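Novice: Okay, here's the structure, questions in a sec.
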Amino acid sequence: MLDYNFDGIIPVVVQDYGTREVLTLGYMNKEAYGKSMETGLMHYYSRSKQRIRMKGETSGNIQKIREVMVDCDGDSLLFLVDQKGNACHLGTKSCFREIGTPVPAGTIDYSMEVLLDLEELVNRTRDKPRNDSYTTELFNSGEENIRKKVGEEAVETILAQGKERIIYETADLMYHLTVYLAYEGIKFSDIMNELSKRNKK
C-alpha cells in the first residue's frame, strides 16, 4: 500500500530503462498514479499548477513505463521508463546536472517555465480559437502576416532605448515568435534540441 504524505502526494524517481540514468524527480497523487498505471504512460501531479499532466502532452517527449518499484516504507516510487526525446524541459536528457555547474536560481528554470506556459496557451488557442483573442486574430491572419509581425517586433527591439524598453519590446518579440513557431508546428523543445547539439561542438 502506498503511503502518500499529508498533501496527498508521493515522490517519484524516474530512470531510463536501458541506461539506468536518473531522468527526473516528480510527484504523483492517487489520480496521477492511477492514470499512469492505466495508460502505461507517466502522469505527474504538478504542485505549482495543482493539476494532473501527462509527461510529453505538449512536447511529445513521453515516458513509457517498463517497471515500477516501491521503497521499503511505501512512501516513494521508482519508475523505469522508455524515454522519448528529452526528459527535462530545458532540452536535456536528464533533469540532473553535475553539482559543479549549477543553474543559477531564479534564472533559466523560471524563464523556461514561463515560456512553456506561453507555448501551451498559444497552442491551445491555435487548436481551440477564442473570441476576442489577439492570438486567434494572428492565427487567422495567415503566415505572411505573422512573419511580418515577428519582423516588426524584431526591429522595435533593436531600436529600443533603455533597459526597461528593451525588456518590453523583447517580450513582444518572444510572444509573436511563439505564435509563429506554433503556426509552423515547431516546439520549444525542437529549438532546445538544436541548441544542445551546438553546445557539443
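Novice: With respect to the numbered conditions (1) within 21 Å of the chain's Cα centre (by Cα); (2) exposed (fewer than 15 other Cβ atoms within 10 Å of the Cβ), which one is the sole condition not fulfilled by LYS30?
Specialist: Against the list (1) within 21 Å of the chain's Cα centre (by Cα); (2) exposed (fewer than 15 other Cβ atoms within 10 Å of the Cβ), LYS30 comes up short only on (1).
Novice: Scan GLY60, GLY56, GLY40, GLY18 and give me the residue that is outside the structural domain of ILE191 (by TED's automatic domain parsing), touching a residue at least 24 places away in the same chain (Cβ under 8 Å) and either surrounded by 18 or more Cβ atoms within 10 Å (Cβ to Cβ) or in contact with an Asp or Glu (Cβ under 7 Å, 6 or more places away or on another chain) (or both).
Specialist: Step by step, each of GLY60, GLY56, GLY40, GLY18 is checked, and only GLY56 is outside the structural domain of ILE191 (by TED's automatic domain parsing), touching a residue at least 24 places away in the same chain (Cβ under 8 Å) and either surrounded by 18 or more Cβ atoms within 10 Å (Cβ to Cβ) or in contact with an Asp or Glu (Cβ under 7 Å, 6 or more places away or on another chain) (or both).
Novice: Would segment 153-176 turn up any residue that is farther than 26 Å from LYS49 by Cα, among the β-branched types (Val, Ile, Thr), loosely packed, with under 13 Cβ neighbours inside 10 Å and at pLDDT 95 or above?
Specialist: Yes; the residues of segment 153-176 include at least one that is farther than 26 Å from LYS49 by Cα, among the β-branched types (Val, Ile, Thr), loosely packed, with under 13 Cβ neighbours inside 10 Å and at pLDDT 95 or above.
Novice: Determine whether SER36 is of a type outside the set (A, V, I, L, M, F, W, C) and closer than 25 Å to LEU115 by Cα.
Specialist: Taking the combined requirement at face value, the residue does not satisfy it.
Novice: Mind checking whether some residue in segment 140-149 is of a type in the set (D, E, K, R), touching a residue at least 24 places away in the same chain (Cβ under 8 Å), surrounded by fewer than 16 Cβ atoms within 10 Å (Cβ to Cβ) and not assigned by TED's automatic domain parsing to the domain that holds GLU57?
Specialist: Checked segment 140-149: at least one residue is of a type in the set (D, E, K, R), touching a residue at least 24 places away in the same chain (Cβ under 8 Å), surrounded by fewer than 16 Cβ atoms within 10 Å (Cβ to Cβ) and not assigned by TED's automatic domain parsing to the domain that holds GLU57.
Novice: Right, another one. Just checking, does segment 94-105 include any residue being farther than 21 Å from LEU195 by Cβ and at pLDDT 80 or above?
Specialist: No.
Novice: For the subset of segment 40-84 comprising residues that are polar (S, T, N, Q) and under 20 Å from TYR4 (Cβ atoms), which member is modelled with the highest pLDDT?
Specialist: SER76
Novice: Being out of contact with any helix residue (DSSP H, G or I) (no Cβ under 6 Å at 6 or more places or on another chain), part of a helix (DSSP H, G or I) and either modelled with pLDDT of 95 or more or assigned by TED's automatic domain parsing to the domain that holds LEU78 (or both) is the requirement here; does GLY34 meet it?
Specialist: The answer is yes for GLY34.
The values are calculated or read from the model by the stated rules, or taken from the named source; none is laboratory data. What you are looking at is a predicted structure, and each value in this text was computed from that prediction instead of being measured. No Cβ is skipped: glycine too gets one built from the backbone with ideal geometry, and neighbour counts run over all protein chains shown.
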